[in-house]
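Asker: Just dropping this structure here.
The values are calculated or read from the model by the stated rules, or taken from the named source; none is laboratory data. Model, not experiment: these values are computed from the prediction. Don't worry about glycine lacking a Cβ; one is built from the backbone with ideal geometry, like all the others, and counts go over all protein chains shown. With ligands, DNA and RNA removed, areas are computed over all heavy atoms of the protein, side chains included. Shrake-Rupley method; radii C 1.70, N 1.55, O 1.52, S 1.80 Å.
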Amino acid sequence: MDNILQGLNAAQRTAVESPAAVLQVLAPPGSGKTKTLTARVAHLIAHRQLLPWNIIVCTFTVKAANEMKERIKSFVGDELAKQLKLGTFHSVALRYLKHYGQHIGLAKDFGIADTSDSKAILKRIIKKLGMSIEPGQALGRISSRKAKGETDSKPEKGPKSVDQQEFLRLFEEYEATLAASNLLDYDDLLLRCRFLLKSHPQCVSNVQAVLIDEFQDTNNIQYELMGLFAQQHNQITIVGDPDQSIYGFRSAEIKNLTRMKKQWPDTITINLEENYRSSGAILHAAQNIIEQDESRPPKKLQATHTFGLRPVLRKLPSAYAEAEWLVSEIKRMRALCGNSIELNDFAVLLRSAALSRAIETALGNTGIPYRMVGGMRFYDREEIKLVVDYLRVIHQPDNSEAVERVINVPSRMIGEATIKKLREEAQSKGVSFWSLILDISQGRRAAPMKLTEPTSKGLASFVNVILGGRKKVEAWSTEPPSVTGLINLVAQKIGLEAHLRRKHTGDETFEARWSNVEELMAQATEITAPGKLNELVESQGLPQIEGFDQTPESNEDVLSVFLANIALTASAEKKAEEDGEKIQQVTISTIHAAKGLEWPVVFIPACYDGSIPHSRADDHDEERRLLYVGMTRAQALLYLSCPIKNTQREETTISAFLTHPGAGRFFEEHGPSLPSSAVASLCTTLRRDCPTETCISETRKTLESDEDNHWPLNGEEVFADSSRWDSSTATTALPGFGTARNIPTVQASSLHQPQSYSTASATMKPGFTSVKERYDDLMEQAQLRKVDKRAEEQKTSEEAPKGRKRQIEGQGTIASFFAKKQRSSAEPSAPSQPSLKNSRPLQAMSASAANKHTPSAPAARPPLPTHKPRSAPLTRKPQKPVDENDASQDRYVFLSSSPRKGDDEPPVPHDDEGEATAKTGDTTPIFRPASTSHATSMTSVTTTRKTLGVRRSLQGWSARKS
DNA sequence: TCCTCCTAATTTTTT
DNA sequence: ATTAGGAGGA
């Protein structure tokens, strides 16, 4: 237990051991925030003798909660860690409401309304009242109103606008509907808990310490809850970073930091300043972005790693090209590092989940496994929702929302009109929808209108399903509970399999959907396992307060716990490992969901205006922080990219954050070459062993090209008109390359080789030809050539449309390109050439030399079309004349790998040697990508083996179609 | 009145 | 790709 302080720096130690009652730890990205918080928890238990069940720890996401629990376990052991009251704000609040809700008049079996419930309710009310608000928007307004937490009877000042009045009416109806179905929405969980703790402080009389993670994301209610939790001893620790506040849309208040200082004037603030995650280059770039916000108080952030490789800002023609480029860079990086970077090490972070499509397609086409975090949730899938809704009805039949949703699925001849009548009848009689139809079907009550024969049969069968389910649950008091059994029962009674099959004949999704249902059953089995059950009850429990009643737990609560877990997105996600082995897969995630995580290589695609300052966002500072958060997830390599045209084929402009004056010099405009020095530096940042030369040369043979040179740097289509290139400046500006530490770079006037990309632009399948496919073509062609030169030539011309198009950038690139080409033509499947890294010509190849090579270039390249100029120039002429002093050209001008004079970057060499390697042995990296902790958040299961096939085939289908 | 097939629109971020 | 909504048939 005394290893608590081990591996902490001075500031972290101070924070952990601080005797302060109220403590703020301000921790920038990668500074060991979670480490510090968990160590403090451990410290409180081990050295201050606090009892774990008297400590409340709140996080914002399930993922963070799980991760924190794991870490604390490693300090104080499983037993103690389990007893902590640790979870998301919502789950902790739920716990209190479950146990003490009776004291504030809460019915004991309330359900939780998730977003879709809320939306459905609102939609109905809006329709009924003939309003014109969008349900989603209305929900947002309601939620933010609730989150602000002003007491409901807030006096309205001034004359209410019509709009306002309408909204209030909607609000009222919404609340009434929730109450009628005995539901609480997410905000209600917090609001009711606040009410409970205010009116019954004894609930938390045991609490000795409260710790909050990501404090900058608290809204008013959460802030108040924190204070209420701690009302007995006022012992509070928070960690947070105003720069990482990205939940303003959820009413997070950065102001809470200062509010806290006011409320507890002896608050101590400790700043962590050292970043242990990212390379210097990444950190500087990120810092530059965040500092564009001038209202932000300046803050120190010290890099502890080498400068490393400069982040990349890459332009590409389209979202599809961007996706393919991304995939090719993943492959290239892996190969050039001798596969010492694994798929788990890559993350693609997106502003919005919807942007994932092109990337998923590209990864799918190449066969690279991936997982999508966020986006479509597992529990949001049609078939899962259906089953879960049945469970909800069984658990709580008075939940009319759920009843209405499932009563006619599968079809029972109970249509919209019938439902509407029944609903009105129930409302006017003051009974719930369920008890009305129960009475009707059992003949105790007359239907409000005549029901057709099939309709009343359908009604009876529905009632039957629910009653059967309820009976089963009641039986749990005498037999071991089995949610799986219940699901099975439901699935059988409603003929789920047949229903799904019928509904999805034609599309091929049935298999996947059915396997999702099976997955749900598997999860249910897990939660019902005897050991797990005890653990759950224990961890969800609250200490008994003398003289204050708790609602006791019973077996029938298993269902309740299962459903609550689903609503709060706890549990879930398929395990990241199968067959004992961790699955290697690329992570795709929203930036929001990536907070707190890190990966060696991070891609942030779609960095254009409208996406990263999102078109619907009104707080651009928050958008900037979002980009900052995304960038600071990267350890060694960061790629930003921007398609010149978005998915709607509209022109885009690069994010203003990246075109901000001065920002350009922090970026490279194409992916890095990786000479061995760079690989070494990269490995140092990642604290990994450097691969051997032979290993690298082995893997790099699989590459089509060593360089990021397939797509033009300016983002234009690959088959751009070649007349743009101008030979006159061909031999100028050859930056030194090939020296050990230099990464070949590109200048504004860099070299291009137009005649080598050639061919049949007209027949090129835009977007959908994968790199892999192209590569396979090359292989195939080369193979054929070996057999018969002539046949091959013919073949090549036939296949020309599929042939590789390319454009060469920069001197070093050209050299390596030719070397590479020679190699691959010599012996494509088993190249015997030594590593190019050292054999790469050090002398810049002259333009004419390069030209000479071109016609004799290897067979893999399709013949040049005759209509293209053969003696095309090597130098690309910028479309606009380059003025070296023009600041707007910044991006194109910086080139050498060492910073230019005047840059405020520290003069850190690329090599791993520099004194900036302040790495000391005491900082063991604990941060791991989500993929390695099995406690990841719920995600869609789209990428697990079974479903991937279907998904891919669908994508293929859609690709073919378009 | 209900079901099925077709077309059109849709995507910010999370509990 | 999914889903909502409308038209048309039973």
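Asker: How much length, in nm to one decimal, is gained on full extension between A:Lys198 and A:Lys421, taken as 0.36 nm per residue of separation minus their Cα-Cα distance?
Answerer: Gain on extension, A:Lys198 to A:Lys421, equals 76.1 nm.
Asker: A further question on this structure: In vacuo Debye scattering of the stretch A:15-141, one point per C-alpha: log10 I(q)/I(0) at q = 0.16 Å⁻¹?
Answerer: Normalising to I(0) and taking log10 leaves -0.90.
Asker: Which FRET efficiency value, to the nearest 0.05, is calculated for A:Phe249 and A:Asp689 with the Förster distance at 35 angstrom and r the Cβ-Cβ distance? Show your work: numbers first, answer last.
Answerer: Values: r = 43 Å, r/R0 = 1.23.
Plugging the Cβ-Cβ distance into 1/(1 + (r/R0)^6) gives 0.20.
Asker: Let a ≥ b ≥ c be the square roots of the eigenvalues of the Cα gyration tensor of the stretch A:54-122; is it rounded (a/c under 1.5), or, if not, prolate (a/b larger than b/c) or oblate? Mind dumping the intermediate values first?
Answerer: Values: a/c = 3.80, a/b = 1.69, b/c = 2.24.
Here the stretch A:54-122 falls in the oblate category.
Asker: How much accessible area per residue does the stretch A:1-122 have, in Å², with a 1.4 Å probe?
Answerer: Values: 3840 Å² over 122 residues.
Result: 31 Å² per residue.
Asker: On to the next question. May I ask for the net charge around A:Thr38, where only other residues with Cβ less than 12 Å from the Cβ of A:Thr38 are counted and Lys, Arg are +1 while Asp, Glu are -1?
Answerer: Working: positive: A:Lys33, A:Lys35, A:Arg40, A:Lys69, A:Arg71, A:Lys73; negative: A:Glu67, A:Glu70, A:Asp213.
Charge balance near A:Thr38 sits at +3.
Asker: Out of the total accessible area of the stretch A:1-158 (probe 1.4 Å, heavy atoms of protein only), what percent is carbon and sulfur?
Answerer: On the way: 3220 of 6220 Å².
Accessible surface attributable to carbon and sulfur in the stretch A:1-158 totals 52 percent.
Asker: Which value in nm describes the separation of the simple spin-label points at A:Thr653 and A:Ser411, placed 7 Å from the Cα toward the beta carbon?
Answerer: Roughly 5.2 nm, to one decimal.
Asker: Quick one: net charge of A:Arg633's neighbours, Cβ under 10 Å, K/R +1, D/E -1? All intermediate terms of the calculation are to be shown ahead of the outcome.
Answerer: Numbers: positive: A:Arg277, A:Lys595; negative: A:Glu598.
Its environment carries a net charge of +1.
Asker: Okay, moving on. Work out the length of the dipole vector of the stretch A:401-499 about its Cα centre, built from +1 on the beta-carbon of each Lys and Arg and -1 on the beta-carbon of each Asp and Glu, and round it to the nearest 20 debye.
Answerer: On the way: 14 positive and 10 negative charges, 50 e Å.
With Lys and Arg at +1 and Asp and Glu at -1, about 240 debye.
Asker: Which listed residue (A:Asn256, A:Gln235, A:Ile282) has the Cα farthest towards the positive end of the charge dipole for the stretch A:171-282, taking +1 on Lys and Arg C-beta and -1 on Asp and Glu C-beta about the Cα centre?
Answerer: With unit charges placed on the Cβ atoms, the residue in question is A:Gln235.
Asker: Given the whole protein assembly as supplied and a 1.4 Å probe, what does the accessible area of A:Leu309 come to in Å², nearest 10?
Answerer: The accessible area of A:Leu309 comes to roughly 10 Å².
Asker: Can I ask one more? Please compare each pair in A:Lys127/A:Lys429; A:Lys429/A:Lys450; A:Lys315/A:Lys645 to a cut-off of 20 Å on the Cα-Cα distance and tell me which ones are over it.
Answerer: Over 20 Å apart, Cα to Cα: A:Lys127/A:Lys429.
Asker: Please list A:624-637, A:438-451, A:93-106 highest first by mean number of surrounding beta-carbon atoms within 10 Å per residue.
Answerer: Values: A:624-637: 27.0, A:438-451: 14.3, A:93-106: 19.9.
The densest-packed peptide leads the list: A:624-637, A:93-106, A:438-451.
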